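The values are calculated or read from the model by the stated rules, or taken from the named source; none is laboratory data. Predicted model only: the values in this text are computed from it and were never measured. Cβ: placed from backbone, ideal geometry, glycine included. Neighbour counts: every protein chain shown.
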Amino acid sequence: MRSTLSQKKAYRGGRPQSGWSMRVLFVVAIMSGGVVAADPVEVFFLVSKPTTDYLEVLTTVQEELEEEFPDKYGYTIEFVSEQSAVESVASLPMATADVFVTIGTAAADRAYQYKLGVPIISVLITDSSFTALAIKHFGSVDRAFARQVSSICIDQPTSRSIRLAKLLLPRAKKAGVMLGPSSVERQEKLAESISAAGMAPEFVTVGAKDNPIAKIEPLMRNTDVFIPVPDSRLINIATAKWILQLSYRHKVPVIAFSRTYVKAGALAAIYSSPQNVALQAAEWIADTVMVTAKEGQAYPPKYYSMHFNYSVASSLDVAIENEQFYLERLQGGSK
Amino acid sequence: MSTALRPMCLILLGSMALGTANVLSAEQRLISTQTVLTEDDFLVEIPMVQGPTHMTQTLAQTPASVTILDRQTIQASAAVGVIDLFRLVPGFQTYFVDGSRMGTTYHALGDTYPRRLEVKVDGRSVYESIFSAVDWSVIGVTLDDIEYVEIVRGANASTDGSNAFLASINIVTRSPLADSGWSINSQLGTGDVRNANLAYTGTLGPVNHRTSLSFRSNDGFDNSFDQGVPVIAEDSSENFSGTFRGLWTPNASDSLEFQAGISESNLGIGEREYIKRKVSYKYQYVNWSRLMSSGSKLQMLLYHNDMETTDQIAPLFLSEALGIPDSSPNWPLPGLPDKLVVDETDRAESERWDLELRGILNPLENLRAVTGVAVRHDRVQGQELFDRPDSLSETSHRAYTNLEWTSSDRLVLNGGLVLEKKDSADSYFSYRLAGNYQLHPEHIVRVAFNRSFRSPTLLESQQQQLVRYNEDIILDASVISDTDINNERLRSLEVGYLGYLFDRTLSFDMRLFREQLTDVIGERRSGYPDLDNFVNIRDNTDRFNVDGFEIQTHYRPNDRFLLRGHYSYSDIDGETLYRSSPELEIRDLGVHGLKHGAGLLTSYAFDRGVTLSSMVSYRSATRHYLGTNVENHTRIDLKASRRWTINNSNIDLSLVVQNAGEPYSEFRNYNQFKTQYVLGLKVSMP
């Protein structure tokens, strides 16, 4: 597991990257093998759509489980985009599932309608989508937890980006942060994180009716590093082009939230890759079968990926060490 | 609008309306409140570069081979002018017709006015009807202005219209946001090279703008000999241009970009004998873009180009032309006196309006589309070219759609279709089908088929180049367009491979192709009842196949080292109807092909801002269409530059040596390109 992780450049936040939890689970599984081996665990995957990111999560979860527990699990896969209207759950193959995995928001929305009596883990879903769906189908998040519904959200804590920004740019004194309508409520927490990292926070909020350049430019001119916080697709796309061009103009590095952002011209990003999501999901599945009637939980992302744009670093005169260097310091900082 | 076009346009407009409405993804529909994010918001592509279909595509998804010359490559190259960049592109022939006129063509028939290539600057076509070509000396774009150049190698008519017959070039200029403050760039060189560029990037109220002034001049080729006869090369050129690019973003969804430019040029052009041409060129351009919450985009492009040329010609009396006085018994017009038959000046004008509405849509999860409708109005005027004092004009309509369907994780299918209709001709379709199959995430093969048509320009369809004594007597007919001239036709098939190695620091792009061109417009010689009993008739005279392959590689292991190489092989097999009367004469076109072409750009950035580059270009022997035989040659260009940074200001000093070796011939054997030294100094003050 560890070597697989290392190859995929997936990093784990919070704890040392030892893969110990899977190994412990593996030992537990062997010790109790007489029980579980005789009764294969049926994992039912409901996937929003058969596109790259979703399929990558799906296949990686299976690969990880097979690698650690060969033939222990049976898999059934369905796509929401290929399902007809909601049928009676009793007639569906998911009725016999031991564990239910939803990949994507649409899949979670469909699965929650069934009110299944088995543990459900929803992945490739944002924290806010999970909350909204929990309220929609169960009345509250706590009630969803009581029905053994869990989630692993893909929103990486922006504090990680802030710490990476400081590691990449130790002399940075001011951090500019762009918020949108969906993320503006996080301003206070972000300010604390930025201050904790030894920088002064400067914020700008860009709404759909704002002139994005007029809003972003003054902030970009007066900061040492710029961090756009993920917001709605419209805000993300509409501002990215201007942010990156202004970043070039003012020689201010951008620490972003996706690989494509880095490819387009940001200096670096911390994000949840499909492999990161899948790995945590596989661990959850392995963990869940050991425990009966486990209550649901909203898990923050345990793993993360980092990506750097060395051309941008060169043009901005930023010296970048290798990824391991930042990984060790990010993990150290979270202890 | 014709009845043939109307249903097509309605369908396209309907699909655009559907696709660009605030259609939400399945994920977004589930959540009614705007403060809830979905995975789509995190996984969204950040669109920065539009590919050959106007969609944001990776090279692995494009339906054609694409060469991108980015800013790093441009800065590393030893290019002095924009035209020099195309020496870095496989399959391209780049040359100087004379000291003032540059030409570049892809694969075939690079003549004095190469015309089967669409060239756009920020989406605005700079291909002019009056010459059926691009006049590179007047378009007002300098290397400093360019962000990147995208070259689609292969027909791209389904996206860029009929003139993207063999390839298309889109030059994307620097955004007003990318720089700030003043930038001054000057170059001095042998051959009387005097170039200067002054640019300011700043704001005017809510508008961000980049405004530039540039001046370029050189004295062209040196005097030479052509078969023992001296050639006095009066082909110097000078150009002054001013451009403005403004950007206004009133809100997050909308952006409005507007450009205007003006350029004045004095060019010495000709073949052995030269004339002075004054060219005035101006343009205006507006690009409005609206981004939808679904990620779809609606765009409207409107532009206007206007070019006016004035040729200074030595006035000519008929007696001088014939070498006999009107009193001579051999005088061909008995009873009619001598008179001035060629005026001192010849004026021509070309004007274009183009309006395009485009939607970039995601109608289904695995289906992306670009669809649009456009109308273009061209007007030309020129007594000498068209033998009439008034203007000629034509209006053309086009409707197009390009679809990209991700059929599976490994297979991407592209289909493109354009319907074009000129008011004086039947409508016609061009289309492209392509499939990209991913053998491995780093290895992709592509198969593409193109069927394209190129309609004759106003010059090609209406040219009447006559010298008259009066309205009834034609003294000399030099070029006349056939009244029944047809569209040029192309069928092409290509197999491509794109591969990445060493963590994508090394890339390979290979293209194996067959292009079959028929009804290609050329000139046939024919009898004519004038004084020399001879005329060139512009007609569908040529047909030929081009078979070959191209390899392009790019290696950038780190930020210091850059290597770009290419090789192309092409074999032309075809013929031209050289003479139709009095006796038929067919000639071989194969001699005009460029069999082998290669190039290698190497650049290394040392410490202290020092960069050294070399550009090696090889061209096999060829005979230029309407030019002469030229020997094979290898040209070596070198560049050394150093940057100093003082208080956020950059000072760049550079020395470029073009053709560090023996002189070689450009287009005509008496155009001898000698070693040229150009010293450059650029100061950027934010």
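Restricting attention to the range A:115-127, the residues that are assigned to a loop (DSSP other than H, G, I, E, B) and surrounded by fewer than 20 Cβ atoms within 10 Å (Cβ to Cβ) add up to 4. The number of residues in the range B:162-188 being within 14 Å of chain A (Cβ to nearest Cβ) and not in a loop (DSSP other than H, G, I, E, B) comes to 5. Just one of the numbered conditions (1) at pLDDT 90 or above; (2) more than 23 Å from A:THR60 (Cβ to Cβ); (3) part of a loop (DSSP other than H, G, I, E, B) is not true of A:ILE255: (3).
The numbered conditions (1) under 17 Å from B:LEU385 (Cα atoms); (2) buried (at least 17 other Cβ atoms within 10 Å of the Cβ); (3) among the aliphatic types (A, V, I, L, M); (4) without any contact (Cβ under 8 Å) to a residue 60 or more places away in the chain are all true for B:VAL479 except (2).
Residues checked against (1) in contact with a Lys or Arg (Cβ under 7 Å, 6 or more places away or on another chain); (2) under 30 Å from B:ASP122 (Cα atoms):
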| residue | (1), (2) |
| --- | --- |
| B:LEU302 | no, yes |
| B:ASN305 | yes, yes |
| B:THR309 | yes, yes |
| B:GLU320 | no, no |
| B:GLY335 | no, no |
| B:ARG347 | no, yes |
| B:GLU356 | no, yes |
| B:ARG379 | no, yes |
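Return the residues of the range B:390-412 that are under 27 Å from the mean Cα position of the chain (by Cα) and not acidic (Asp, Glu); say none if nothing qualifies. Result: B:SER391, B:LEU392, B:SER393, B:THR395, B:SER396, B:HIS397, B:ARG398, B:ALA399, B:TYR400, B:THR401, B:ASN402, B:LEU403. Considering the range B:219-250, the residues that are among the small types (Gly, Ala, Ser) and over 27 Å from the mean Cα position of the chain (by Cα) include one that is surrounded by the fewest Cβ atoms within 10 Å (Cβ to Cβ), namely B:GLY228.
Restricting B:GLY140, B:GLY205, B:GLY191, B:GLY123 to those that are within 14 Å of chain A (Cβ to nearest Cβ) and over 30 Å from B:GLY590 (Cα atoms) reduces the list to B:GLY205. So in the range A:109-129, with the set limited to residues that are in contact (Cβ under 8 Å) with a residue 60 or more places away in the chain and under 17 Å from A:VAL80 (Cα atoms), which one is nearest to the other protein chains (Cβ to nearest Cβ)? So the residue we want is A:LEU124.
Does A:ARG233 qualify as being within 7 Å of another protein chain (Cβ to nearest Cβ) and either crowded, with 24+ Cβ neighbours inside 10 Å or at positive phi (or both)? Working first, answer last.
Numbers: within 7 Å of another protein chain (Cβ to nearest Cβ): yes; either crowded, with 24+ Cβ neighbours inside 10 Å or at positive phi (or both): yes.
For A:ARG233, the condition - within 7 Å of another protein chain (Cβ to nearest Cβ) and either crowded, with 24+ Cβ neighbours inside 10 Å or at positive phi (or both) - is met.
Scanning the range B:332-368 for residues that are more than 14 Å from every other protein chain (Cβ to nearest Cβ) and without any contact (Cβ under 8 Å) to a residue 12 or more places away in the chain returns B:PRO334, B:GLY335, B:PRO337.
What residue, of B:ARG491, B:ARG504, B:ARG511, is in contact (Cβ under 8 Å) with a residue 24 or more places away in the chain and more than 24 Å from the chain's Cα centre (by Cα)?
From the options B:ARG491, B:ARG504, B:ARG511, the qualifying one is B:ARG504.
Only strands (runs of 3 or more DSSP E) whose full extent lies in the range A:147-214 are considered here, and the ones with at least 3 residues that are surrounded by 20 or more Cβ atoms within 10 Å (Cβ to Cβ) and touching a strand residue (DSSP E or B) at 6+ places or on another chain (Cβ under 6 Å) are A:149-153, A:174-179.
Filtering the range B:119-134 to residues that are of a type outside the set (Val, Ile, Thr) and either assigned to a strand (DSSP E or B) or at pLDDT below 90 (or both) leaves B:LYS120, B:ARG124, B:SER125, B:TYR127, B:GLU128, B:SER129, B:PHE131, B:SER132, B:ALA133.
Suppose we filter B:ASP571, B:ASP559, B:ASP547, B:ASP532 for residues that are outside any strand (DSSP E or B), surrounded by fewer than 18 Cβ atoms within 10 Å (Cβ to Cβ) and touching an Asp or Glu at 6+ places or on another chain (Cβ under 8 Å); which single one remains?
Numbers: B:ASP571 fails: outside any strand (DSSP E or B); B:ASP559 fails: touching an Asp or Glu at 6+ places or on another chain (Cβ under 8 Å); B:ASP547 fails: outside any strand (DSSP E or B).
Only one candidate passes the filter, namely B:ASP532.
Screening the candidates B:ASN648, B:ASN669 for the property of being farther than 24 Å from B:ARG101 by Cα and of a type outside the set (Phe, Trp, Tyr) yields one hit, B:ASN648.
Considering only residues in the range A:272-327 that are surrounded by fewer than 15 Cβ atoms within 10 Å (Cβ to Cβ) and acidic (Asp, Glu), the one that is nearest to A:LEU164 (Cα to Cα) turns out to be A:GLU321. Consider the range A:250-271 and keep the residues that are free of Cβ contacts under 8 Å to residues at least 60 places away in the same chain, within 8 Å of chain B (Cβ to nearest Cβ) and of a type outside the set (Lys, Arg). The one that is surrounded by the fewest Cβ atoms within 10 Å (Cβ to Cβ) is A:HIS250.
Of the candidates B:MET300, B:MET307, the single residue that is crowded, with 18+ Cβ neighbours inside 10 Å, more than 14 Å from every other protein chain (Cβ to nearest Cβ) and touching an Asp or Glu at 6+ places or on another chain (Cβ under 8 Å) is B:MET307.
A quick yes/no check of all residues on (1) free of Cβ contacts under 8 Å to residues at least 12 places away in the same chain; (2) in contact with a Lys or Arg (Cβ under 9 Å, 6 or more places away or on another chain); (3) of a type in the set (Lys, Arg); (4) within 14 Å of another protein chain (Cβ to nearest Cβ):
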position: A:SER150; (1), (2), (3), (4): no, yes, no, no
position: A:ILE162; (1), (2), (3), (4): no, no, no, no
position: A:LEU168; (1), (2), (3), (4): no, no, no, no
position: A:ARG171; (1), (2), (3), (4): no, no, yes, no
position: A:GLU185; (1), (2), (3), (4): yes, no, no, yes
